[in-house]
Each structure stands twice: as C-alpha cells, then as structure tokens.
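Q: Dropping the structure in here first, questions after.
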Amino acid sequence: MLPLEKPNRSFALHPHKIIVYLLIAGITMLFLSLTMSYAYTRFQFNLEPIRLPVIFFFNTVLLIASSYLLWKAKKYYEKDETSRYKSALFKVIGLTLAFLIGQAIGWSQLLSQEINVAYSNAASYLYLISGVHFLHVLAGLPFLVLFYIAAVRRMVEPVGVLLYFSDPEKRMRLHLLGVYWHFLDALWIYLITFFAANYLL
C-alpha cells in the first residue's frame, strides 16, 4: 500500500499577511462609511462644521515622523545596524505617545469651548472618527513596545544579534507592522484633510 502524500501546506500569502491586509481593508471601509455619513448628515441638515484645534495638525506631523522612523528602523534592521535600529524604535514609541497625548489635548480644547458630543451631530462624528483612529493607533503601540523589548534583550552579544537579524519570521512581522503604521498615517492625513475641507466648504 502506497503511503499517503502529505498535504501541501505552502501559502501564496502568509496567514499573518492575510490577517493584516483584511484588517486594513475593514478599517478602510469603516472610515469611508463614517466620513461619508458625516458629510451626508452635515449637508442634509445644514450643520455648522467644527473647526479643528491647531494641535490636530501638529499631531499629523508627529504621526508622519513616527511612520518615517519606522521605515528607517526597517532599513537599519536589513543592514544589521543594531544601535540605530533600537534607537529608531524607541523614537517611534515616543512619537506615538506624543501623538496620543496630543489627541487628548485637542479633545480637551474642544471641550473647553463647550463643544462636546451633545453640541451637534457634526461634533459627535468628529469625536467618534478621531476616537476610533486613536484606538487603532493605541492598538499598535504594544507591538512597537514588544519589538523594542525583544531588541534590547536579544541584541546584546554578537550571536544574539546574528540570530535576531536572521529570523525571517521577525523580519516579516516588522514589515507588517510597518504596513499597518503607514496605513494609519495615510488614514489620519485623509481624515484631517476631510475635516479641514468640510470646515472651508
């Protein structure tokens, strides 16, 4: 009797990649639905648009900078530049925390002007959309921290550095983290442009 052939378990795309790409597709549809609903509600009921706090635009710079540094971290990883890799990751974490704090300050400034969720439907949408984006950035933060902790613990002596940089699984996860982070960056640029355009129209 001939032995049964083992099933082919090769994947055109790694399951982790499929999950991340599906996640990005889902988030994209979510925010497109929210922004289109905001635009429809605003023009249907002639709602007064909300002027964004200036700090929201400053936060955009922080997020772009964090995305750039994460891209640089990936380059340092590929070139086996240990200290620069760890430094870039640490700076990304710092910029991410600064972004999250900046968002909270922006909401605080809105509340100081008595613009809360009960102020109007336009204000409710602003809090909802910026809040959901905040949560997606916050969800990515633990992965950044884990990458940094792993780098600090394992990249101490030459053998540990070699094993760290030669790990294809870690390389792929760093790539996927970058894809997710660049997506959040692009998404926030879209959102800030959308709200600014609504205020000017």
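Q: Out of all the residues in region 78-119, which are modelled with pLDDT under 90 and under 23 Å from the mean Cα position of the chain (by Cα)?
A: Within region 78-119, just E78 meets the criteria.
Q: Could you list, ordered by first residue, the pairs with Cβ atoms under 8 Å in which the first is in region 117-135 and free of Cβ contacts under 8 Å to residues at least 12 places away in the same chain and the second is of a type outside the set (G, A, S) and in a helix (DSSP H, G or I), at least 6 apart or interchain?
A: V117/Y127
Q: To continue, here is another question. Could you list, in sequence order, all residues of region 33-64 that are exposed (fewer than 12 other Cβ atoms within 10 Å of the Cβ) and part of a helix (DSSP H, G or I)? Please lay out each step first, then the result.
A: To start, the set of residues in region 33-64 that are exposed (fewer than 12 other Cβ atoms within 10 Å of the Cβ) comprises 33, 36, 40, 43-46, 48, 54.
Answer for region 33-64, where residues must be exposed (fewer than 12 other Cβ atoms within 10 Å of the Cβ) and part of a helix (DSSP H, G or I): S33, M36, Y40, F43, Q44, V54.
Q: Now for a different question. Which residues, taken from region 153-181, are touching a residue at least 24 places away in the same chain (Cβ under 8 Å) and acidic (D, E)?
A: Of region 153-181, the ones touching a residue at least 24 places away in the same chain (Cβ under 8 Å) are 155, 161, 165, 171-181.
Those that are touching a residue at least 24 places away in the same chain (Cβ under 8 Å) and acidic (D, E): none in region 153-181.
Q: Can I ask one more? Regarding A151, is this residue out of contact with any Cys (no Cβ under 6 Å at 6 or more places or on another chain), of a type in the set (A, V, I, L, M), surrounded by fewer than 15 Cβ atoms within 10 Å (Cβ to Cβ) and within 30 Å of K170 (Cβ to Cβ)? Step through it out loud before you land on a result.
A: Working: out of contact with any Cys (no Cβ under 6 Å at 6 or more places or on another chain): yes; of a type in the set (A, V, I, L, M): yes; surrounded by fewer than 15 Cβ atoms within 10 Å (Cβ to Cβ): no; within 30 Å of K170 (Cβ to Cβ): yes.
Taking the combined requirement at face value, the residue does not satisfy it.
Q: Checking the condition among the hydrophobic types (A, V, I, L, M, F, W, C), without any contact (Cβ under 8 Å) to a residue 12 or more places away in the chain and either under 26 Å from I24 (Cα atoms) or outside any helix (DSSP H, G or I) (or both), which residue from A150, A139 passes?
A: Details: A150 fails: without any contact (Cβ under 8 Å) to a residue 12 or more places away in the chain.
Being among the hydrophobic types (A, V, I, L, M, F, W, C), without any contact (Cβ under 8 Å) to a residue 12 or more places away in the chain and either under 26 Å from I24 (Cα atoms) or outside any helix (DSSP H, G or I) (or both) holds for just one of A150, A139, which is A139.
The values are calculated or read from the model by the stated rules, or taken from the named source; none is laboratory data. Quick caveat, the model's predicted, so the values are computed rather than measured. Heads up, the Cβs are rebuilt from the backbone with ideal geometry, glycines too, and the neighbour counts pull from every protein chain shown.
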